[in-house]
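Everything on this sheet refers to the single structure shown next.
Quick note: the coordinates plus some simple rules give every number you see, no bench work behind them. Worth saying up front: this structure is predicted, and the values here are computed from it rather than measured. Cβ coordinates were reconstructed from backbone atoms using ideal geometry, including for glycine residues, and neighbour counts include every protein chain displayed.
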2 protein chains.
Amino acid sequence: MSRFVDLDEEARAALNKIVKTRSIRRRQFIVQPGFTCTHQSHVVQGALRVYFISPEGTDHTIQFAIEDWWISDFYSYVHQVPASLYVEALENSTIQQIGFEDTENLCRDFPVFERFFRMVAQKAFAFSQRRVLSNLEKTAEERYLEFSELYPSIVQRVPQYMLASYLGMTPEFLSKIRKNLATNS
Amino acid sequence: MSRFVDLDEEARAALNKIVKTRSIRRRQFIVQPGFTCTHQSHVVQGALRVYFISPEGTDHTIQFAIEDWWISDFYSYVHQVPASLYVEALENSTIQQIGFEDTENLCRDFPVFERFFRMVAQKAFAFSQRRVLSNLEKTAEERYLEFSELYPSIVQRVPQYMLASYLGMTPEFLSKIRKNLATNS
DNA sequence: CGCGACGTTGATTTGCCTCAACGATTGTGG
DNA sequence: CCACAATCGTTGAGGCAAATCAACGTCGCG
């Protein structure tokens, strides 16, 4: 947080009062469809993903999160309506959570947090726009290469079929891409 | 703005002091690659789009904006680095602009604006996530139908080839989809 | 050990693209 | 006000990237 804003003692104390640290196990869900997403979560240690299961039964990964990232069903959280996404731990993880109401109150009392969450949301949006763009203009192989370059640590930590579902291709096709890249180099 | 926050007299005056209203002509650019995007723009009247031209020369529409939407190269704006996108007026339009520095100052002086722009960014992010999802799980025809349902007014106002480039398909293919839908109903 | 989850490989299919040609409309200069 | 060009949408033939389906090897875990 100190990368974006400076916190005085009072603000820091108020923050500590509402942050809850939780340990979650591999395969455990912190958000599920039908339940409103009441918290945003900050990853201290571990890895999680947000995904969606389409009516046909195929699953689509919206986002991964590792150390120092934020994660939630953001639509559900922002609008305070029931979620349509799953948020699941891929490893045993430690996260810090802040509730929706607590966040709003904190922002009202300490504008510095308003600023912080504005920064987070703005960067997240700019990032998401980039992803839309890269999905529009790039081939499957290019998307894989781009992602490997940007997030090598994620590529190593998550199963290949989840990566495929994030990149918008089938696991079989990702496998073929990787084989191709391995032989041609 | 009053949908999200209440402004007192002083805040309103400060806002009015830095907002610049501009008229722009059809085909005029308000952002171009290479130049840093110094303002965010709020559409009072008219229609604009953000797009990107790939190395191969095909163009990809990132966003449309009509009355009451915000538009900019958000990545360039947030990080204050040179833009890689075009923002172009599709009709003669009237927009209100706020500069980056002015916005930051305004937010510092009046937390209510910090709050407002946090809301805008959060909603924009949630929206963008939805789009990523729908690009992942839906076919070209489904994406077209979804968009027509959500934004019928945009479908009517923008040329079909721009819509195609927003939806991630070729103009020819969109034409065939429309023909298909017309005959089967 | 045995089962299920995961990755790989190959054969076949398909959704969408490319390219090319052709009307319809728009707008622009003479 | 018309001629002509440019822009935009449509249609069809053919091609390719990626999906689907199916079979098989491997590994980790209960």
**Asked** Over all residues in B:136-143, what is the mean tally of Cβ atoms on other chains that come within 10 Å of each residue's Cβ?
**Response** 3
**Asked** Label-to-label distances across copies for residue B:181, with labels 7 Å out along Cα→Cβ, in nm, shortest first?
**Response** 3.6
**Message:** Please compute the average number of Cβ atoms from other chains found within 10 Å of each residue's Cβ in peptide A:105-115.
**Reply:** 3
**Message:** If I take all pairs of Cα atoms in the stretch A:9-137, what percentage of them are more than 17 Å from each other?
**Reply:** 62 percent
**Request:** Would you list which aspartates and glutamates come within 15 Å of residue B:138, measuring only between C-alpha atoms, while excluding same-chain residues fewer than 8 positions from it?
**Result:** A:56, A:59, B:146, B:149
**Request:** Mind listing the label-point distances from residue A:105 to the same position on all other copies, shortest first, one decimal in nm, points 7 Å along Cα→Cβ?
**Result:** 3.6
**Asked** What is the set of long-range amide H partners of residue B:63 at a cut-off below 5 Å, with H atoms built 1.01 Å from backbone N?
**Response** B:50
**Prompt:** Where does chain A land at 222 nm, in deg cm²/dmol rounded to the nearest 500, when only DSSP H runs of n ≥ 4 count, each adding -39500 (n - 2.57), divided by all residues?
**Reply:** -15000 deg cm²/dmol
**Request:** Quick one: go through the stretch B:82-97 and flag any residue whose amide nitrogen is under 12 Å from the point 7 Å out along the Cα-to-Cβ line of residue B:45.
**Result:** B:92-95
**Request:** Using only Cα atoms, locate the centre of the stretch B:42-103 and the centre of the stretch A:68-136, then give the distance between them in Å, rounded to an integer.
**Result:** 24 Å
**Asked** Remind me, what semi-axes does the stretch B:104-161 give for its equivalent ellipsoid, largest first in whole Å, using sqrt of 5 times each Cα gyration tensor eigenvalue?
**Response** 33, 15, 8
**Radius of gyration and maximum dimension Dmax of the protein assembly as shown, Cα, Å** = 21.5, 68
**Asked** Once both labels are modelled 7 Å past Cα along the beta-carbon direction, what's the residue B:161-residue B:127 spacing in nm?
**Response** 2.6 nm
**Prompt:** What is the mean projected area of the alpha carbon convex hull for the stretch B:138-185, to one decimal in square nanometres?
**Reply:** 3.2 nm²
**Asked** Of the listed peptides B:122-130, A:136-144, what is their order by residue-averaged count of other C-beta atoms within 10 Å, with the highest listed first?
**Response** B:122-130, A:136-144
**Item:** Inter-copy separations for residue B:8, label at 7 Å along Cα-Cβ, nm, ascending
**Value:** 1.8
**Message:** Residue by residue through the stretch B:50-63, what is 3J(HN,Hα) from phi via Karplus (6.51 cos²θ - 1.76 cosθ + 1.60, θ = phi - 60°)? Round to whole Hz and write x for glycine and proline.
**Reply:** 9, 8, 9, 10, 6, x, 6, x, 8, 9, 10, 8, 8, 7
